[in-house]
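First comes the structure, then the notes that go with it.
Bear in mind that the values in this text are calculations on the coordinates, not laboratory data. Note that this is a predicted model, so its numbers are computed, not measured. When we count neighbours, we look across all protein chains shown, and the Cβ atoms used for this are built from the backbone with ideal geometry, even at glycine.
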Number of protein chains: 2
Amino acid sequence: MREENDQAVLTVEEVFTLAAEALERAGADSHNAEAVARTVQAAERDGCASHGLFRVPGYAAALKSGKINGAARVKISKPEGSVLKVDGDGGFAPPVHEAIAEPLADLAKRQGIALGALTNLAHFSALWRETELLAAHGCAAFACVSYMPMVAPAGGKERLLGTNPISFAWPRPDGVPMTFDQATASRAMGDVQIAAREGESLPLGVGIDADGKDTTDPNEVVKGAILPFGGYKGSAVSIMVELLAGPLLGETLSFEAAESDNKDGGPPLGGEFILAFAPEKTRVNQTRAGFGGKDGASQTHADHSERLFARLLAMEGVRLPGDGRRSRRPKVATNGVRIPKPLYDKIISG
Amino acid sequence: MREENDQAVLTVEEVFTLAAEALERAGADSHNAEAVARTVQAAERDGCASHGLFRVPGYAAALKSGKINGAARVKISKPEGSVLKVDGDGGFAPPVHEAIAEPLADLAKRQGIALGALTNLAHFSALWRETELLAAHGCAAFACVSYMPMVAPAGGKERLLGTNPISFAWPRPDGVPMTFDQATASRAMGDVQIAAREGESLPLGVGIDADGKDTTDPNEVVKGAILPFGGYKGSAVSIMVELLAGPLLGETLSFEAAESDNKDGGPPLGGEFILAFAPEKTRVNQTRAGFGGKDGASQTHADHSERLFARLLAMEGVRLPGDGRRSRRPKVATNGVRIPKPLYDKIISG
């Protein structure tokens, strides 16, 4: 670590060590600490500050308060049909994701599709890590999680829905999947918090204050509510996420998680909905004229999806979802990961 | 039918007869004509003009040109794992939906989740009918379809993506599911066409003209492109729909469907992705403190989801997705279905 203009500058390797050691000091065992640290490291590697070291003090607080089990061991049940029920043992999400990627992908390859019904875990990060772990096993994947009531439903002026992110990954022949990961809120709360910390203002439409009025001040949005992305349509998708990651799995809705949370700054326990698809089992061989390539029959799903990606990439101004994140890697690798010195000090001393 | 101010006014029953007879005149057998007419009727009953009789001339044209098989018989394969592969036999979507609702729900009840991999059918309507058919069998359901390249991806100025609607239905104890059904475009092309017909202008942000410039003129958007809902996030969801309803199933992408279409005004043949979930199989019994009701263990998924709906409905200004559509039923039942007389004449003479 070196200091520069009130910032701590770290290599991507140092991010892992800093996070893992902080979590172990807070009470996690090395198995759990290192899995979380790999996710923190991946976020910083990709320039996603809001899911990187910024989250570590919250993780540490939740370990110290005893809310999160730092010695958790994931319990994976025998598949029931196409459902893999997974108990996170009250621990962090990343060790769960690392443990289930292979069995969930295997179940999808047998059944065509498989649902990872994850319960009793603390998710406090981006979702692209779990969908990309499944893509690395050859599956397309969708994941969603409901997370703390910070969002007002369309038409409303009060918090009820979580920021409720959704992620989707589709494997590509070069091994780098097409991935998106986005809050169904107009902005993730982490980004609103960072804007507040940096003294930046928000565009109108991102959030409302405690009286339900539009505001550009992130501090007021923190006290009020974020709005869904895309108006009533995004609000509907957010409601779907509440149902899929909650009642469908037998897990908490956002407002239930908040009601039972101890408010130590760390994530509450809850569920996660993960679908894996095995295209070689879901795909019908098509021979009718005009399908895919003109001689469609011998086309694989990857040949086929690459046709879409090629068209997208050929269009001026368009990039694939996830490419922005990956495009930041070389710069981060060269310039290092920069975090505010006070955040660094808090992690070191925490 | 009676005429009033250049409009034809029909009862909901007359809508069915008008549609069914027009489709039979155009060459459909009664099995196919009546299934389509039930979907047209349901749309008009709910005040959804853009998916009602407005579509019948396109259906009739596609029957006459031979693009759509008016004597189609749905072929449902034996389930492979959790996948039900369904060949629409080159016919309309509604008879497929009516045929698969029960077997797909049954498969979901055995496996927890089931994928309806629908191929070789012409979808030209809303998607709530199929998700609500599955909800009537006790399943939650998600459906999506890619439909004709009319939407520019985020950042781009040319059409590539379909309007790519998504629908989700969640069963409720009173038998009326919570349902949404929405284009991932900022507006469905049907609504843009109706705005053009009615001489109305569109809000900025709905579409661009043929030069890629923002416009409020629906006629220019018809020549240019619609924009995704919610900016880059909606664009990413639209790309997911292309992949799920296309390469995952071995079916066409939007631009492929357009390239092979005969442009008779009717829908091209393509695929549909339908997921059914059986909550009684996916739900984990939870007993830990703070979950759901304080005595969470005996709570059903329906008890649980009703807690969310109650909170939503208690909030001023908020209604449940789908309630707007259903709220129009009494007015339609009283005042009748009103369509432009020229549309009525076209259907009668078509």
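Over all projection directions, the Cα-based convex hull of the stretch A:26-91 averages an area of 5.3 nm².
Taking the convex hull of the alpha carbon positions in the stretch A:185-233 and averaging its projected area over all directions gives 2.9 nm². Hydrodynamic analysis of the stretch B:70-147 uses the Kirkwood radius over alpha carbon pairs. Inserted into Stokes-Einstein at 20 °C and 1.002 mPa s, it gives a translational diffusion coefficient of 172 µm²/s. Between B:LEU313 and A:LEU204, the distance separating the two model label sites (each 7 Å from Cα on the Cα→Cβ line) works out to 3.5 nm. When chain A is treated as a GNM with alpha-carbon contacts under 10 Å, the residue of A:ALA33, A:ALA236, A:ALA310 showing the greatest mean-square fluctuation is A:ALA310. For the protein assembly as shown, DSSP calls about 85 percent of its internal beta bridges antiparallel.
Output the antiparallel fraction of DSSP beta bridges having both residues in the stretch A:43-127, as a percent to the nearest 5. Bridges in the stretch A:43-127 are about 30 percent antiparallel. Take the Cβ atoms of A:SER30 and A:LYS223, set R0 to 25 Å, and the FRET efficiency comes out at 0.05.
Length, then width, then depth: along the principal axes, the Cα atoms of the stretch B:69-209 run 49, 37, 30 Å.
Neighbour counts of C-beta atoms inside 10 Å place A:GLU34, A:GLU21, A:GLU242 in the sequence A:GLU21, A:GLU34, A:GLU242, starting with the fewest. Within the same chain, lysines fewer than 8 places from B:LYS233 are excluded, and of the rest, those with a Cα less than 20 Å from its Cα are A:LYS233, B:LYS157.
When Rg and the Kirkwood radius Rh are both evaluated on Cα atoms of the stretch A:192-349, their ratio Rg/Rh stands at 1.07. For chain B, the orientation-averaged shadow of the C-alpha convex hull comes to 18.7 nm² (one quarter of the hull surface). Between A:THR216 and B:SER65, the modelled labels are 4.9 nm apart [label points 7 Å from Cα along Cα→Cβ].
Local charge sum around B:LYS213 (other residues, Cβ-Cβ under 15 Å, Lys/Arg +1, Asp/Glu -1)? Net charge around B:LYS213: -4. Both the radius of gyration and Dmax for the stretch A:116-172 are 13.9, 43 Å, in that order, over alpha-carbon atoms. In the protein assembly as shown the Cα-Cα distances spread across 20 Å bins starting at 0 as 18, 53, 26, 3, 0 percent of all pairs. Residue order for A:SER167, A:SER50, B:SER238, A:SER30, fewest other beta carbons within 10 angstrom first, comes to A:SER30, A:SER50, A:SER167, B:SER238. Plainly put, the tip 7 Å out from Cα toward Cβ on B:ARG73 is 5.8 nm from that tip on each other copy, the closest given first. Using C-alpha pairs under 8 Å with a sequence gap of at least 6, the mean separation divided by the residue count of chain B gives a relative contact order of 22 percent. Summary of the geometry: the stretch A:47-68 and the stretch B:235-267, compared by the centres of their Cα atoms, lie 42 Å apart.
Here the stretch A:157-254 is treated as a Stokes sphere of Kirkwood radius computed over C-alpha pairs; at 37 °C and 0.692 mPa s its diffusion coefficient rounds to 226 µm²/s. For A:LYS223, inter-copy separations between label points set 7 Å beyond Cα along the Cβ vector come to 5.1 nm, shortest first.
Remark: label point of A:PRO103 defined 7 Å out from Cα along the Cα-Cβ vector; separations to the same position in other copies 3.2 nm, ascending.
Charge tally for B:PRO340 (other residues, Cβ to Cβ under 13 Å; Lys, Arg +1; Asp, Glu -1): -1. Helical runs (DSSP H, four residues minimum) scored at -39500 (n - 2.57) apiece and divided by the length of chain B put the mean residue ellipticity at 222 nm at -12000 deg cm²/dmol.
Counting only Cβ charges, +1 for Lys and Arg and -1 for Asp and Glu, the dipole size of the protein assembly as shown around its Cα centre is about 540 debye. Each part gets one Cα centre, and for the stretch A:119-170 versus the stretch A:206-232 those centres are 20 Å apart. Among B:LYS263, B:LYS109, B:LYS78, sorting on how many other beta-carbon atoms sit within 10 Å of each Cβ, with the fewest leading, yields B:LYS78, B:LYS263, B:LYS109.
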